[in-house]
Amino acid sequence: MKKIAIFAGDGIGPEIVAAARQVLDAVDQAAHLGLHCTEGLVGGAALDASDDPLPVASLQLAMAADAVILGAVGGPRWDAYPPAKRPEQGLLRLRKGLDLYANLRPAQIFPQLLDASPLRPELVRDVDILVVRELTGDIYFGQPRGLEVVDGKRRGFNTMVYDEDEIRRIAHVAFRAAQGRRKQLCSVDKANVLETTRLWREVVTEVARDYPDVQLSHMYVDNAAMQLIRAPAQFDVLLTGNMFGDILSDEASQLTGSIGMLPSASLGEGRAMYEPIHGSAPDIAGQDKANPLATILSVAMMLRHSFHAESWAQRVEAAVQRVLDQGLRTADIAAPGASVIGTKAMGAAVVNALSLKDQ
Ligand code: NAD
């Protein structure tokens with residue numbers, strides 16, 4: 001039996017997760033994967049129920065699971081809460097508690113949605129990038145950090161730090177991912193200025209010896225930010241640290257122009273969480289308007305990375321392509337004036353497009 005913990009969260013979370021669950025259940029029935037799903041509370045929903053955005057029971061549920069599916073957290077109802085009690089803290093604590101150090105964010109162009117990109121179609125037509133971002137180290141967690149007053153002047157400081165083990169384990173994840181793709185890995189750093197990233201470059205170069213089939217290149221982060229706009233199709237796998245990855249993965253995702261389409265995986269040793277990259281979209285929550293495809297594609301990533309069901313992952317991805325080919329669109333990806341369908345109908349359409357009858 002494979003255990004999945006499901007945290008629908010807030011806003012559109014319950015709607016998109018329900019649609020993704022339909023797809024997951026259909027795959028499970030056809031593929032006999034033996035999945036067992038249990039739902040838990042995180043974010044605002046957990047705050048309402050227990051005054052804690054990540055109750056102990058939720059963390060335990062996630063720790064005991066083979067994989068976690070998360071919708072999204074947050075919303076204006078909880079905006080006035082103190083920082084430690086905000087819904088987003090629940091998500092951060094969940095990632096940290098599971099030691100999910102590798103964040104994988106594919107930014108892939110769907111040819112059917114080419115016009116949604118803010119860049120010219122000829123620049124983005126062939127974009128298929130996987131950003132691999134280190135998620136539990138770097139300047140976001142380094143000590144010392146703080147605010148202080150020195151000689152009457154306020155000062156803020158943070159510490160950028162990586163040890164070689166942290167770099168090595170994320171590098172292995174990226175090289176293995178590249179092996180399953182076009183075998184090109186670009187490691188992004190600022191080795192001309194920062195010692196931390198000079199070590200990063202050294203260790204990534206050492207790890208490369210284990211992967212002679214992968215072509216490794218290095219790029220400074222400022223250049224990478226520029227190249228992602230100038231010629232994004234040049235990248236296959238982009239490997240980088242937590243802070244640079246935070247920025248570059250958002251930049252890469254926007255090349256596609258459709259936040260409702262992009263999934264993500266956060267992986268640790270034997271643990272994993274899958275979630276769409278977007279937030280809880282309170283402006284459209286409860287209206288059957290949200291695009292569930294990012295969450296459905298996150299389920300495909302789960303099948304691939306946690307359950308080694310590559311052919312089923314590909315079937316889910318193909319089903320998403322098929323519904324787009326059929327012209328089915330939620331409002332966020334529809335051309336002006338085109339007809340749109342709701343969250344539920346989109347989920348059902350993907351289930352239909354899985355064509356499971358021949359199983
Ligand atoms: P957002 O991603 O929720 O929404 C940005 C815009 O994109 C909105 O107009 C929204 O309607 C639209 N959108 C997002 N997902 C969509 C989907 N699946 N289908 C159709 N349209 C979609 O970002 P925001 O408005 O900045 O944040 C809203 C709340 O979500 C905040 O409380 C924020 O903290 C939280 N948030 C959570 C996560 C997470 O759970 N991982 C990530 C980002 C933001």
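Stokes-Einstein diffusion coefficient for the chain at 20 °C in a medium of 1.002 mPa s, Rh from the Kirkwood formula over Cα pairs: what value in µm²/s?
101
Over region 15-89, one equal point on each Cα, no solvent: what is log10 I(q)/I(0) by the Debye formula at q = 0.17, 0.24 Å⁻¹?
-0.72, -1.10
So if R0 is 30 Å, what FRET efficiency would His32 and Asp283 give, r being the distance between their Cβ atoms, rounded to the nearest 0.05?
For R0 = 30 Å, the calculated efficiency reads 0.15.
Stretch Val161-Val149 to full length: gain in nm at 0.36 nm per residue minus the Cα-Cα span?
Roughly 2.0 nm would be gained on extension.
Would you calculate a helix-derived [θ] at 222 nm for the chain, using -39,500 (n - 2.57) for each DSSP H run of n ≥ 4 and dividing by the full residue count, to the nearest 500?
Helices in the chain give a 222 nm mean residue ellipticity of -12500 deg cm²/dmol.
Under the rule of at least 5 residues apart or a separate chain, name every residue whose amide H is placed under 5 Å from the amide H of Thr159.
The list, which skips near neighbours in sequence, is Gly142.
Can you give me the relative contact order of the chain as a percent, contacts being Cα pairs under 8 Å and 6 or more apart?
22
Taking the Cβ of each residue in Met63, Met302, Met243 as the centre, tally the other Cβ atoms inside 10 Å and list the residues starting with the fewest.
In order of increasing Cβ crowding within 10 Å: Met63, Met243, Met302.
Explain nothing, just the number: dipole magnitude of the chain about its Cα centre with +1 on each Lys and Arg Cβ and -1 on each Asp and Glu Cβ, in debye rounded to the nearest 20.
220
Which residues in region 307-348 place their backbone N less than 16 Å from a point set 7 Å from the Cα of Lys2 along the Cα-to-Cβ direction?
Taking a point 7 Å out along Cα→Cβ of Lys2, the residues of region 307-348 whose backbone N falls under 16 Å are 307-317.
Compute the Kirkwood hydrodynamic radius of region 196-292, taking the inverse of the mean of 1/r over all pairs of distinct Cα atoms, and give it in Å to one decimal. All intermediate terms of the calculation are to be shown ahead of the outcome.
Numbers: mean 1/r = 0.0621 Å⁻¹.
The answer is 16.1 Å.
Fewest Cβ neighbours within 10 Å first, please rank Lys153, Lys344 accordingly.
The most exposed by this proxy come first: Lys153, Lys344.
Step by step: find N for region 104-217, compute 2.2 N^0.38 Å, then divide the Cα radius of gyration by it. What's the final number?
Details: Rg = 18.5 Å, N = 114, 2.2 N^0.38 = 13.3 Å.
Rg over 2.2 N^0.38 Å, computed on Cα atoms: 1.39.
First check a/c for region 1-147, with a ≥ b ≥ c the square roots of the eigenvalues of its C-alpha gyration tensor; if it is under 1.5, answer rounded, and if not, answer prolate when a/b is larger than b/c or oblate otherwise.
Numbers: a/c = 1.63, a/b = 1.16, b/c = 1.41.
Taking the square roots of the gyration eigenvalues as a ≥ b ≥ c, region 1-147 is oblate.
Residue separation times 0.36 nm, minus the C-alpha to C-alpha distance between Glu202 and Lys85: what's the value?
38.1 nm
So what is the relative contact order for region 216-359, in percent, with contacts set as C-alpha pairs under 8 Å and at least six apart? List each step's numbers first, then the result.
Values: 153 pairs, mean separation 26.7, N = 144.
Computed over region 216-359, the figure is 19 percent.
Quote to one decimal, in nm, the extra length available between Asn192 and Asn352 on full extension: 0.36 nm per residue of separation minus the C-alpha distance between them. Can you show the working numbers first?
Details: separation 160, 0.36 × 160 = 57.60 nm, distance 5.24 nm.
Contour length minus Cα-Cα distance gives 52.4 nm.
How large is the translational diffusion coefficient of region 239-315 in µm² per second when you combine the Kirkwood radius over alpha carbon pairs with Stokes-Einstein at 10 °C and 1.306 mPa s?
Approximately 115 µm²/s, per Stokes-Einstein.
Take the Cα atoms of region 250-359, find their three principal axes, and give me the spread along each one in whole Å, biggest first.
45, 38, 27
So what is the relative contact order of region 66-144, in percent, for Cα pairs below 8 Å that sit 6 or more residues apart?
Computed value for region 66-144: 28 percent relative contact order.
Strictly greater than 16 Å: what percent of every Cα pair in region 153-254 meets that?
I get 56 percent for the Cα pairs in region 153-254 exceeding 16 Å.
Taken together, the values in this text are just the output of simple stated rules run on the coordinates, not laboratory data. The structure presented is a predicted model; accordingly, all values stated were derived computationally and were not measured. Positions of Cβ are backbone-derived with ideal geometry, glycine not excepted, and every protein chain shown enters the neighbour counts.
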